[in-house]
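Enquirer: Quick one: the structure is below, and I'll ask about it shortly.
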Amino acid sequence: MATGTPQGFSEPPMTHLAAIVEFSEDAIISKTLEGKILTWNRGAESVYGYTVAEAVGRPMTLLLPEDRPDEEAEILERIGKGQRVEHFETVRRRKNGELIDVSLTISPIRDRGGFIVGASHVARDITERRRLDQQLRHLAAIVESSADAIISKTLEGRILTWNAGAEEVYGYTAAEAIGRPMTLLLPADRPDEEAEILERIRRGQPVEHFETVRRRKNGELIDVSLTISPVRDATGRIMSASHVARDITERKRLDEQLRHTQKLESIGVLAGGVAHDFNNLLTGILGNASLALEILPEGDPARELLQNVLDSSDRAAHLTRQLLAYAGQGQFVIEPVDVSRMVHEISGLIQTSIPKNVHLKLELREDVPSIQADPSQVQQLIMNLVVNGAEAIPADENGIVLVTSGLHEVDEGYLRDNLPGYDLAPGLYATLHVHDTGCGMDETTLGRIYDPFFTTKFMGRGLGLAAVQGIVRGHRGALKVSSRPGKGTTFEVLLPVAGHTAAASGTGPAPRPNPRDRLVLVIDDEEIIRRTAKSMLERHGYTVVLAENGQEGVDLFRALGERVSAVLLDMTMPVMGGQEAMGRLKALDPTVKVVLSSGHTEAEAVRQFKGAGLSGFIQKPYSSSALAEKLKQILEAS
Ligand SMILES: Nc1ncnc2c1ncn2[C@@H]1O[C@H](COP(=O)(O)OP(=O)(O)OP(=O)(O)O)[C@@H](O)[C@H]1O
Ligand SMILES: [Mg+2]
């Protein structure tokens, strides 16, 4: 059948058919029932690579790849039975050895009498189509497995395809979404956004990384980053649009949290710094006022004024303590603390600071093991929570503040589900719950309660909970709150249990010492502190020697030797700081009694000091009697 030149339309019809066969892109071959090739068109030349001359007269098995030697025989057997083989996809080998994918249709050829005399073999090279199919399957798999929503839509915004990511991000199944308009996902406050996007797409402009809000099926609003692009056909005409959406709600939340944390950290640094300086000033005010009060005779009208100064200074000292606790700089002395006992002990004090309409109830377990903590801070924490509870109860109603203590074995699962964001170790925790029947809080308030200076109270400072949080963090604990408006509030504190229980702290009656002639070395860089301490100590019968920094202190101590009964040591000083001075003093005399005096330090530093054999600690600002009491304690102990 291999004709050569094109035929004119004046030729008989059969010749037209021959031309169609000859120029077909498919291979069209005829063969005998034994499989010998009879005719071979141009399509066969290009599909299989053999020329007419090379192919005609040879067996069709010529084209079989090694791994399917019997396929031609089987085909011929079916043809012999009068059956066709249609669109059979298989593999053939070209002349150059290359394997190609083909789709075969093989039919019997009959003579005028209807006898089968041979077979026609039509083959289409589907290698390229297969490759594209496979590529498309891979692409589809990528789209389907993507966590991003990948959607295609018409230029009018009707949804065409919807991947699994889209189901995840938007909550609709493919069946629910396909065919519906994309405006389905618009939140109520931005009704025109989709129309604007489509307008741009029709102009051929993509929308990239556009951060906006969409509504999920369940009504929830999510932050998304959208990239929407025009999809073009082979001629470049825009035929549809792709919409890729990533849920960035969590990322936005974390960003926000990070910004918030950074803000709070800088407030903490600022607050800590101010509180430290302020504390030193207060030491001067409190000290001098208390001295003046001791000097003035009973009945002097100035006494009342001085008492006012003392009361105000006390309140100011309370504020600086809250600030220092918040800044994580207030932790001084770590010792075993029995939380139940502590709540019990301070309940009297608490009772006096809450109004009569509030009933304070305690449910304390006696078997809660001790925690390693700074007792004054735990006290501050309890006070702050209980006072808040009491303040939440309206003045014209009766209400209850209930404090319970307990024990909680915390495991990984509990930490993950209940205390995300806390980096805690699993283990045993002492718990304190402070419940109140007060006004409760809405979501907005709850979101801000730990911010320093956030308050909803007329006279509030907004420092109570900030301090509580600082204290809990400093003790490697956790803090949880649950509250609803009108339903009261519960704060839960978890503090890690120490390896041992608290030692009894009762010291029993002690002989009254006579402090006269006892020499105290005061080392502090602040002049007002030195002067105040000197006046205070002298009033209580001590002799005082002053040093401006660690170096001077150590030199004086070397000179005075064992005449020094005790050293009152500041922590941060120029030339030589407290820590180094401590080491030198101990080196000169291992039995030296050193009382650390500071308003600003870190637990770590104290631990170092502790190892160095500190005898005591007094927090600035201190009153005359507190200082005398502290010195008496440590001198008696020897
Ligand atoms: N138990 C509670 N019930 C209801 N609201 C509370 C409770 N505890 C705290 N709050 C809310 O949290 C805010 C912050 O409390 P926080 O203790 O930090 O400051 P404050 O009590 O306002 O002032 P202060 O510094 O005097 O303690 C309160 O103003 C109040 O709105
Ligand atoms: Mg408070």
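The values are calculated or read from the model by the stated rules, or taken from the named source; none is laboratory data. All values derive from a computational prediction rather than experimental measurement. Neighbour counts run over all protein chains shown; Cβ positions are idealised from the backbone, glycine included.
Enquirer: Inside segment 557-596, can you point out the residues that are within 14 Å of I634 (Cα to Cα) and among the β-branched types (V, I, T)?
Expert: Correct list: V564, V567, T591, V592, V594, V595.
Enquirer: Could you say which residue among L631, L614 is modelled with pLDDT of 80 or more, in the same structural domain as F278 (by TED's automatic domain parsing) and either acidic (D, E) or assigned to a helix (DSSP H, G or I) (or both)?
Expert: That would be L631, the only listed residue that is modelled with pLDDT of 80 or more, in the same structural domain as F278 (by TED's automatic domain parsing) and either acidic (D, E) or assigned to a helix (DSSP H, G or I) (or both).
Enquirer: To continue, here is another question. Test S46 against the criterion of being of a type in the set (S, T, Y) and touching a Ser or Thr at 6+ places or on another chain (Cβ under 7 Å), and give yes or no.
Expert: It is false that S46 is of a type in the set (S, T, Y) and touching a Ser or Thr at 6+ places or on another chain (Cβ under 7 Å).
Enquirer: Also, quick follow-up: Could you name every one of the strands (runs of 3 or more DSSP E) located completely within segment 140-237 that has at least 2 residues being of a type in the set (S, T, Y)?
Expert: It comes to 221-232.
Enquirer: Please count how many residues of segment 443-457 are surrounded by fewer than 18 Cβ atoms within 10 Å (Cβ to Cβ) and either within 7 Å of ligand 1 (Cβ to nearest atom) or modelled with pLDDT under 90 (or both).
Expert: Matching residues across segment 443-457 total 7.
Enquirer: One residue is enough: does segment 251-271 have a residue meeting the conditions surrounded by 18 or more Cβ atoms within 10 Å (Cβ to Cβ) and either over 30 Å from the mean Cα position of the chain (by Cα) or not assigned by TED's automatic domain parsing to the domain that holds I529 (or both)?
Expert: Within segment 251-271 (the criterion being surrounded by 18 or more Cβ atoms within 10 Å (Cβ to Cβ) and either over 30 Å from the mean Cα position of the chain (by Cα) or not assigned by TED's automatic domain parsing to the domain that holds I529 (or both)), the answer is no, since none of the residues qualifies.
Enquirer: Continuing with this model, one more query. Counting only residues that are within 16 Å of ligand 2 (Cβ to nearest atom) and surrounded by fewer than 18 Cβ atoms within 10 Å (Cβ to Cβ), which one in segment 460-489 is nearest to L319 (Cα to Cα)?
Expert: So, considering only residues that are within 16 Å of ligand 2 (Cβ to nearest atom) and surrounded by fewer than 18 Cβ atoms within 10 Å (Cβ to Cβ), the one nearest to L319 (Cα to Cα) is R461.
Enquirer: If I filter segment 438-448 for residues that are within 16 Å of ligand 2 (Cβ to nearest atom) and more than 28 Å from the chain's Cα centre (by Cα), do I get at least one hit?
Expert: Scanning segment 438-448, I find at least one residue that is within 16 Å of ligand 2 (Cβ to nearest atom) and more than 28 Å from the chain's Cα centre (by Cα), so the answer is yes.
Enquirer: Determine whether I393 is under 25 Å from the mean Cα position of the chain (by Cα), within 16 Å of ligand 2 (Cβ to nearest atom) and over 22 Å from S340 (Cβ atoms).
Expert: no
Enquirer: Anything in segment 352-401 that is away from ligand 1 (no atom under 12 Å from the Cβ), surrounded by 13 or more Cβ atoms within 10 Å (Cβ to Cβ) and either among the hydroxyl-bearing types (S, T, Y) or assigned to a helix (DSSP H, G or I) (or both)? List them, or say none.
Expert: S370, P375, S376, Q377, V378, Q379, I382
Enquirer: Just for segment 148-165: of the residues that are surrounded by fewer than 20 Cβ atoms within 10 Å (Cβ to Cβ) and free of Cβ contacts under 8 Å to residues at least 24 places away in the same chain, which one is nearest to I79 (Cα to Cα)?
Expert: Result: T161.
Enquirer: On to the next question. Of (1) loosely packed, with under 13 Cβ neighbours inside 10 Å; (2) touching a Pro at 6+ places or on another chain (Cβ under 9 Å); (3) more than 26 Å from I116 (Cβ to Cβ), V91 satisfies all except one. Which?
Expert: In the conditions (1) loosely packed, with under 13 Cβ neighbours inside 10 Å; (2) touching a Pro at 6+ places or on another chain (Cβ under 9 Å); (3) more than 26 Å from I116 (Cβ to Cβ), V91 misses (1) alone.
Enquirer: Go through segment 472-510 and give me each residue that's under 23 Å from the mean Cα position of the chain (by Cα) and at pLDDT below 90.
Expert: If the condition is that a residue be under 23 Å from the mean Cα position of the chain (by Cα) and at pLDDT below 90, then R473, G474, H475, R476 are the ones that fit.
Enquirer: Which numbered condition trips up V401, out of (1) within 16 Å of ligand 2 (Cβ to nearest atom); (2) touching a Gly at 6+ places or on another chain (Cβ under 9 Å); (3) within 23 Å of P336 (Cβ to Cβ)?
Expert: The one condition V401 does not meet is (3).
Enquirer: When you scan segment 458-471, how many residues do you find that are closer than 26 Å to A425 by Cα, more than 8 Å from ligand 1 (Cβ to nearest atom) and more than 20 Å from the chain's Cα centre (by Cα)?
Expert: 1
Enquirer: Moving to a separate point now. Tell me the residue from E25, E66 that is among the acidic types (D, E), more than 60 Å from the chain's Cα centre (by Cα) and either farther than 14 Å from A123 by Cα or not in a loop (DSSP other than H, G, I, E, B) (or both), please.
Expert: Values: E25 fails: either farther than 14 Å from A123 by Cα or not in a loop (DSSP other than H, G, I, E, B) (or both).
Exactly one residue qualifies, and that residue is E66.
Enquirer: Given the conditions (1) within 9 Å of ligand 1 (Cβ to nearest atom); (2) in a loop (DSSP other than H, G, I, E, B); (3) free of Cβ contacts under 8 Å to residues at least 40 places away in the same chain, report the number of the one that G440 does not fulfil.
Expert: (3)
Enquirer: Can you tell me which residue in segment 402-422 is nearest to H260 (Cα to Cα), limited to those that are part of a loop (DSSP other than H, G, I, E, B) and either in contact with a Leu (Cβ under 9 Å, 6 or more places away or on another chain) or within 16 Å of ligand 1 (Cβ to nearest atom) (or both)?
Expert: The qualifying residue nearest to H260 (Cα to Cα) is Y422.
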